[in-house]
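Asker: First, the structure itself, so that you have it in front of you.
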Amino acid sequence: MGRLDGRVALLTGAGRGIGAATAARLAADGAAVAVIDLDVAPAEETADQIRSAGGRAVAMPVDVTNPEQMEAAAARTAQELGRLDILVAVAGITRDNLLFKMSDEDWDGVINTHLKGSFLAARAAQKYMVEQRYGKMIFTSSAAALGNRGQANYSTAKAGLQGLTRTLAIELGPFNINVNAVAPGFIETRMTQQTAERMGLDWEQFKKDAAARTPLRRTGKPEDVASVISFLVSDESSFVSAQVIYVAGGRGIG
Ligand code: NAP
């Protein structure tokens, strides 16, 4: 018996990386999952993998910055999977640049995807959770919330998500909804791989350097974040809310 048996989870940005690993983990824990991604192919791939492992999953191509699409995805989840207990907002992008080179598009794209996308997902999901007096929300902050060179847009968004977490924990707590955030450090995904490429650095060396700066002397894997989320959305942590859990091997960035 899994600790999420009978629960239904909706995950954004679940076509790859941390989101895909978390969808697989929650499904292995017994939850039925709605897999949201910008593109249909990665969403379908995650859902297929879950189904082949014996889990229950539906794929939904959704842009988290689009309010109508996000509302429709929450409604479809509740309709097709029966309820909506868990929201994990993971969708994210980077558009790194030093301030003097950062364009309006770099700023707006990152702020909209992380901040507005998480707000829209939370607003769409809360109505089902409030009605059933049960819910778990997780936002994806970052160690970069503490400040990181070349990431004014991203660090601001990730710090903003910590404010969203604490505020929604206050507003939704009376309805038995727990709201927490994870703040990963260096995790091996396409996002960090693209950062290495953009900086013209060798991926293996980039990871080695990151590991050397980390007290636990390694970089993270998507599964390291997924297992913490699995705990936070379970009833084993039912008195934990408004927390930001750093999954960063013991370090901030810088
Ligand atoms: P990733 O592999 O690039 O995955 C990001 C996912 O978000 C992709 O599947 C992407 O879809 C999706 N996405 C982007 N924009 C979207 C939109 N508008 N609507 C719906 N989905 C959208 O990156 P990751 O490393 O797993 O990152 C996941 C989250 O963790 C992000 O919020 C990131 O900021 C955060 N994080 C990552 C690290 C790290 O070291 N990797 C550290 C701290 C925090 P497509 O690929 O289909 O475009």
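The values are calculated or read from the model by the stated rules, or taken from the named source; none is laboratory data. Computed from a predicted structure; not experimentally measured. Here Cβ is always computed from backbone atoms with ideal geometry, including for glycine, and neighbour counts include all displayed protein chains. Side chains are part of the model used for accessible areas, which takes the heavy atoms of the whole protein and leaves out ligands, DNA and RNA. Shrake-Rupley method; radii C 1.70, N 1.55, O 1.52, S 1.80 Å.
Asker: Could you please give the count of residues in the range 1-20 that are within 23 Å of Leu115 (Cβ to Cβ) and either touching a His at 6+ places or on another chain (Cβ under 7 Å) or of a type outside the set (Ser, Thr, Tyr) (or both)?
Answerer: 11
Asker: Turning to a different aspect of this structure: With the checklist (1) of a type in the set (D, E, K, R); (2) outside any loop (DSSP other than H, G, I, E, B); (3) farther than 21 Å from Asp5 by Cβ; (4) within 14 Å of the ligand (Cβ to nearest atom) in hand, flag the one item Asp63 doesn't pass.
Answerer: (2)
Asker: Still on this structure, I have one more. How about the range 1-31: which of its residues are in a loop (DSSP other than H, G, I, E, B) and within 13 Å of the ligand (Cβ to nearest atom)?
Answerer: Hits for the range 1-31 are Gly13, Ala14, Gly15, Arg16.
Asker: Within the range 193-223, take every residue that is open to solvent by less than 70 Å² (accessible area, probe 1.4 Å) and more than 18 Å from Gly250 (Cβ to Cβ) and give me the one that is nearest to the ligand (Cβ to nearest atom).
Answerer: Here the answer is Pro222.
Asker: Run down Asp37, Asp29, Asp85, Asp48 and say which single residue is closer than 12 Å to Thr12 by Cα and not aliphatic (A, V, I, L, M).
Answerer: It is Asp37.
Asker: Quick check: is even one residue across the range 210-226 modelled with pLDDT of 95 or more and closer than 23 Å to Leu84 by Cβ?
Answerer: Yes, the range 210-226 has at least one match.
Asker: Moving on to the next point. Against the conditions (1) within 21 Å of the chain's Cα centre (by Cα); (2) part of a loop (DSSP other than H, G, I, E, B); (3) surrounded by fewer than 19 Cβ atoms within 10 Å (Cβ to Cβ), where does Gly249 fall short? Just the number, please.
Answerer: (3)
Results for (1) surrounded by fewer than 21 Cβ atoms within 10 Å (Cβ to Cβ); (2) farther than 19 Å from Ala9 by Cβ; (3) not small (Gly, Ala, Ser), shown as yes or no for each residue.
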{"position": "Asp106", "(1), (2), (3)": "yes, yes, yes"}
{"position": "Val110", "(1), (2), (3)": "no, yes, yes"}
{"position": "Leu120", "(1), (2), (3)": "no, no, yes"}
{"position": "Tyr128", "(1), (2), (3)": "yes, no, yes"}
{"position": "Glu131", "(1), (2), (3)": "yes, no, yes"}
{"position": "Thr140", "(1), (2), (3)": "no, no, yes"}
{"position": "Asn180", "(1), (2), (3)": "no, no, yes"}
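Asker: Here is a further query. When the residues of the range 54-78 are narrowed to those that are under 18 Å from Arg123 (Cα atoms) and charged (D, E, K, R), which ends up nearest to the chain's Cα centre (by Cα)?
Answerer: By that ranking, first place goes to Asp63.
Asker: Looking for whichever is touching a Lys or Arg at 6+ places or on another chain (Cβ under 9 Å), more than 20 Å from Ser141 (Cα to Cα) and not in a helix (DSSP H, G or I) here; the options are Leu216, Leu201. Which one fits?
Answerer: Leu216
Asker: Any residue at all in the range 132-155 that's more than 16 Å from the ligand (Cβ to nearest atom) and part of a helix (DSSP H, G or I)?
Answerer: yes
Asker: Within the range 32-57, restricting attention to residues that are within 14 Å of the ligand (Cβ to nearest atom) and β-branched (Val, Ile, Thr), which residue is most open to solvent (accessible area, probe 1.4 Å)?
Answerer: So, considering only residues that are within 14 Å of the ligand (Cβ to nearest atom) and β-branched (Val, Ile, Thr), the one most open to solvent (accessible area, probe 1.4 Å) is Val40.
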